[in-house]
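Asker: Encoded as structure tokens, here's the structure I'll be asking about.
Laboratory data are not the source of any read-out in this text; all were calculated from the coordinates shown. Every value quoted in this text rests on a predicted model; they were computed, and no experiment measured them. Because the Cβ atoms are built from the backbone with ideal geometry, glycine has one as well, and the counts that use them run over all protein chains shown.
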């Protein structure tokens, strides 16, 4: 996001019945707490004027019934909802989840390039990816796709210039300082560094989503043999 | 199988799915007397053969796919009563890409979180398979046709209206000029998730960007400068900069385009966009179907 951004909340048009509410420009638990509050307030106050919301790291996309509420009235409501927010993160009661990852240049098509671009060895990138707990900031892009952060600055890398048409399920990627596991085969532009054998979304399971917003996740290196044993596919 | 889409589940990361050509889907259901959100079959490209095991009413709308009932050529955009033993065939599309087959009462399909829409990318639902039995409802009392002047045309060159928004102000004037003044070709790498376009490079603003929610029709520009229009099976969150969103009532035109066909964009204001959407709903509501035998 650009440095010229004024105070938050900032409201932008995102379509004929969509507005984007920006609540910050950083990945941090305090902004995440604001996002959750604004999302909840908008859901309560808009009622049947709301189609859906898409909360993310620092923003909420609001899809509204344009024939039931005027854009200017919505903008005012959004700004009001953005006032007096609590930055405390004490309501963070997420679980701690460990996800196994088969790392390596064979498992992650972009590991070698990412390492080289950052002046590191692939081993050092893998080590740094596992050295901390990641906060789950948003679920989106695809079902069960958990946006986590932040990775160590020395292993960050922008998205690929042209997204891949098909990323394998379980692929573990880095985009800037975010990290995620692709739950299913899909197009994607993240730098791939390994593969996780855990199904992040299973519509048939009692709990279809493996992780939820607010959870903390740590990655743990496993061998190729362990990866296959845990349900990974070649 | 598709309905109007799986709305209200974005927080789980679920996309909406739903009929790619909402206009043709609407008329298919209307012609057989269904509620507008009823489950119908989306047929891409064509080549479908069905055998009836009972009596029902059906209608085919959308792409120009030759429709034959018991070998006889029939018009699209009207309903027919079919009986046990009748053979219904849809040939390959000669214009457009997707046709909609609706039956009275709708096709039976298992809903997931309130919708029957198939989203293959999410592993929700499956394509209709050879040999599958498709339970249908009872026939309608009459057959109906959509008046010709309301039948949409599927053109090899389409113009789409765009509500400017998102990061539009971060793109340079030159980049926005390139986007609105040039035409683009539909890439073969287009699908229900998004239509990728090829043409003049639209320079996207650079820099770190946090992933954020994506609206239907969003115009996303990755660093290679080739826009992607995000449609029904779009990702719910993404981080590439966006110029705005294609007007919802124009998205069907794109969804009927084949690779190599041409797309142009025209900017419109939010006020104009909302007015156009309202007018389109009014026109739909005012159309009188023609009764036929």
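Asker: Tally time: how many residues in segment A:132-168 are at the interface with chain B (Cβ under 10 Å from one of its Cβ atoms) and either buried (at least 22 other Cβ atoms within 10 Å of the Cβ) or in contact with a strand residue (DSSP E or B) (Cβ under 9 Å, 6 or more places away or on another chain) (or both)?
Answerer: First, the residues of segment A:132-168 that are at the interface with chain B (Cβ under 10 Å from one of its Cβ atoms): A:137-147, A:149, A:156, A:158-163, A:165.
With either buried (at least 22 other Cβ atoms within 10 Å of the Cβ) or in contact with a strand residue (DSSP E or B) (Cβ under 9 Å, 6 or more places away or on another chain) (or both) added as a condition, the list becomes A:137-147, A:149, A:156, A:158-160, A:163, A:165.
Within segment A:132-168, residues that are at the interface with chain B (Cβ under 10 Å from one of its Cβ atoms) and either buried (at least 22 other Cβ atoms within 10 Å of the Cβ) or in contact with a strand residue (DSSP E or B) (Cβ under 9 Å, 6 or more places away or on another chain) (or both) number 18.
Asker: Among the listed residues B:8, B:17, which satisfies the condition of being surrounded by fewer than 23 Cβ atoms within 10 Å (Cβ to Cβ), on the phi > 0 side of the Ramachandran plot, within 14 Å of another protein chain (Cβ to nearest Cβ) and not in a strand (DSSP E or B)? Break it down stepwise before answering.
Answerer: On the way: B:17 fails: surrounded by fewer than 23 Cβ atoms within 10 Å (Cβ to Cβ).
Exactly one of B:8, B:17 is surrounded by fewer than 23 Cβ atoms within 10 Å (Cβ to Cβ), on the phi > 0 side of the Ramachandran plot, within 14 Å of another protein chain (Cβ to nearest Cβ) and not in a strand (DSSP E or B), namely B:8.
Asker: Still on this structure, I have one more. Step by step: first the residues of segment B:189-215, then only those that are crowded, with 20+ Cβ neighbours inside 10 Å and in contact with a helix residue (DSSP H, G or I) (Cβ under 6 Å, 6 or more places away or on another chain), then the one that is farthest from residue A:25 (Cα to Cα). Which residue is that? Quick ask: steps written out before the conclusion?
Answerer: Quick first cut of segment B:189-215, residues crowded, with 20+ Cβ neighbours inside 10 Å only: B:190, B:192-197, B:202, B:204, B:209-215.
Cutting the leftovers down to in contact with a helix residue (DSSP H, G or I) (Cβ under 6 Å, 6 or more places away or on another chain) gives us B:195, B:202.
Numbers: B:195: 29, B:202: 25 Å.
Among those that are crowded, with 20+ Cβ neighbours inside 10 Å and in contact with a helix residue (DSSP H, G or I) (Cβ under 6 Å, 6 or more places away or on another chain), it is B:195.
Asker: Follow-up. All but one of (1) out of contact with any strand residue (DSSP E or B) (no Cβ under 6 Å at 6 or more places or on another chain); (2) not in a loop (DSSP other than H, G, I, E, B) hold for residue B:42; which doesn't?
Answerer: (1)
Asker: So, one more: When the residues of segment A:52-79 are narrowed to those that are without any contact (Cβ under 8 Å) to a residue 12 or more places away in the chain and farther than 28 Å from residue A:212 by Cβ, which ends up nearest to the other protein chains (Cβ to nearest Cβ)? Spell out the reasoning first.
Answerer: As a first pass, look at segment A:52-79 and keep what is without any contact (Cβ under 8 Å) to a residue 12 or more places away in the chain: A:52, A:67, A:70, A:72-73, A:76.
Narrowing the set further to residues that are farther than 28 Å from residue A:212 by Cβ leaves A:67, A:70, A:72-73, A:76.
Numbers: A:67: 7, A:70: 9, A:72: 10, A:73: 13, A:76: 15 Å.
Going through the qualifying residues, I end up with A:67.
Asker: Same structure, new question: Just one of (1) buried (at least 23 other Cβ atoms within 10 Å of the Cβ); (2) in a strand (DSSP E or B) trips up residue A:125, so point out which.
Answerer: (2)
Asker: Please state which one of B:195, B:166 is touching a residue at least 12 places away in the same chain (Cβ under 8 Å), within 14 Å of chain A (Cβ to nearest Cβ) and at positive phi. Steps first, please.
Answerer: Details: B:195 fails: at positive phi.
Of the residues listed, the single one that is touching a residue at least 12 places away in the same chain (Cβ under 8 Å), within 14 Å of chain A (Cβ to nearest Cβ) and at positive phi is B:166.
Asker: What number of residues within segment B:78-91 are assigned to a loop (DSSP other than H, G, I, E, B) and crowded, with 22+ Cβ neighbours inside 10 Å?
Answerer: Looking only at that region, the number is 0.
Asker: Determine which single condition residue B:36 fails, assuming it passes every other condition in (1) crowded, with 20+ Cβ neighbours inside 10 Å; (2) away from chain A (no Cβ under 14 Å); (3) touching a helix residue (DSSP H, G or I) at 6+ places or on another chain (Cβ under 8 Å).
Answerer: Unmet condition: (1).
Asker: Return the total of residues in segment B:234-280 being within 14 Å of another protein chain (Cβ to nearest Cβ), closer than 30 Å to residue B:43 by Cβ and assigned to a helix (DSSP H, G or I).
Answerer: The total comes to 8.
Asker: Of everything in segment B:131-158, what is more than 27 Å from residue B:75 (Cβ to Cβ) and either within 13 Å of another protein chain (Cβ to nearest Cβ) or without any contact (Cβ under 8 Å) to a residue 60 or more places away in the chain (or both)? Give them in sequence order. Give the steps one after another, and end with the answer.
Answerer: Within segment B:131-158, the subset more than 27 Å from residue B:75 (Cβ to Cβ) is B:131, B:133.
Correct list: B:131 only.
Asker: Now, a different point. In segment B:198-209, what count of residues is obtained for those that are in contact with a strand residue (DSSP E or B) (Cβ under 7 Å, 6 or more places away or on another chain) and facing another protein chain (nearest Cβ under 7 Å)?
Answerer: So the first thing to find is which residues in segment B:198-209 are in contact with a strand residue (DSSP E or B) (Cβ under 7 Å, 6 or more places away or on another chain), and the list is B:198-199, B:208.
Narrowing the set further to residues that are facing another protein chain (nearest Cβ under 7 Å) leaves B:208.
Adding up the residues that qualify gives 1.
Asker: Within segment B:92-124, which residues are assigned to a loop (DSSP other than H, G, I, E, B) and touching a strand residue (DSSP E or B) at 6+ places or on another chain (Cβ under 6 Å)?
Answerer: Of everything in segment B:92-124, those that are assigned to a loop (DSSP other than H, G, I, E, B) and touching a strand residue (DSSP E or B) at 6+ places or on another chain (Cβ under 6 Å) turn out to be B:93, B:94, B:104, B:117.
Asker: Moving on. Filter the strands (runs of 3 or more DSSP E) completely within segment A:175-222 down to those with at least 3 residues that are within 28 Å of residue B:228 (Cα to Cα), more than 11 Å from chain B (Cβ to nearest Cβ) and in contact (Cβ under 8 Å) with a residue 12 or more places away in the chain. It would help to see each step written out before you state the result.
Answerer: Details: elements: A:178-181, A:186-188, A:191-195, A:216-221.
Because the criterion is at least 3 residues that are within 28 Å of residue B:228 (Cα to Cα), more than 11 Å from chain B (Cβ to nearest Cβ) and in contact (Cβ under 8 Å) with a residue 12 or more places away in the chain, the strands (runs of 3 or more DSSP E) in segment A:175-222 that meet it are A:191-195.
Asker: Could you list, in sequence order, all residues of segment A:17-51 that are free of Cβ contacts under 8 Å to residues at least 40 places away in the same chain and out of contact with any strand residue (DSSP E or B) (no Cβ under 8 Å at 6 or more places or on another chain)?
Answerer: A:24, A:25, A:26, A:28, A:31, A:40, A:44, A:45, A:47, A:48
Asker: Do you know which of the residues in segment B:53-71 that are within 19 Å of residue B:144 (Cβ to Cβ) and more than 23 Å from the chain's Cα centre (by Cα) is surrounded by the fewest Cβ atoms within 10 Å (Cβ to Cβ)?
Answerer: To start, the set of residues in segment B:53-71 that are within 19 Å of residue B:144 (Cβ to Cβ) comprises B:55-62, B:67, B:69.
Cutting the leftovers down to more than 23 Å from the chain's Cα centre (by Cα) gives us B:55-56, B:69.
Values: B:55: 14, B:56: 22, B:69: 18.
Ranking the qualifying residues of segment B:53-71, first place goes to B:55.
Asker: Also: Out of all the residues in segment B:210-233, which are under 14 Å from residue B:197 (Cα atoms) and either within 7 Å of chain A (Cβ to nearest Cβ) or within 21 Å of the chain's Cα centre (by Cα) (or both)?
Answerer: Filtering segment B:210-233 down to residues under 14 Å from residue B:197 (Cα atoms) leaves B:217-231.
Answer for segment B:210-233, where residues must be under 14 Å from residue B:197 (Cα atoms) and either within 7 Å of chain A (Cβ to nearest Cβ) or within 21 Å of the chain's Cα centre (by Cα) (or both): B:217, B:218, B:219, B:220, B:222, B:223, B:224, B:227, B:228, B:229, B:230, B:231.
Asker: Identify all residues within segment A:128-161 that are free of Cβ contacts under 8 Å to residues at least 60 places away in the same chain, farther than 23 Å from residue A:24 by Cα and assigned to a loop (DSSP other than H, G, I, E, B); write none if there are none.
Answerer: Listed by number, the residues that qualify are A:131, A:142, A:160, A:161.
Asker: Taking the criterion of being away from chain B (no Cβ under 14 Å), farther than 30 Å from residue B:277 by Cβ and surrounded by fewer than 18 Cβ atoms within 10 Å (Cβ to Cβ), would at least one residue in segment A:16-27 satisfy it?
Answerer: From segment A:16-27, those away from chain B (no Cβ under 14 Å) are none; that's our starting set.
No, segment A:16-27 has no match at all.
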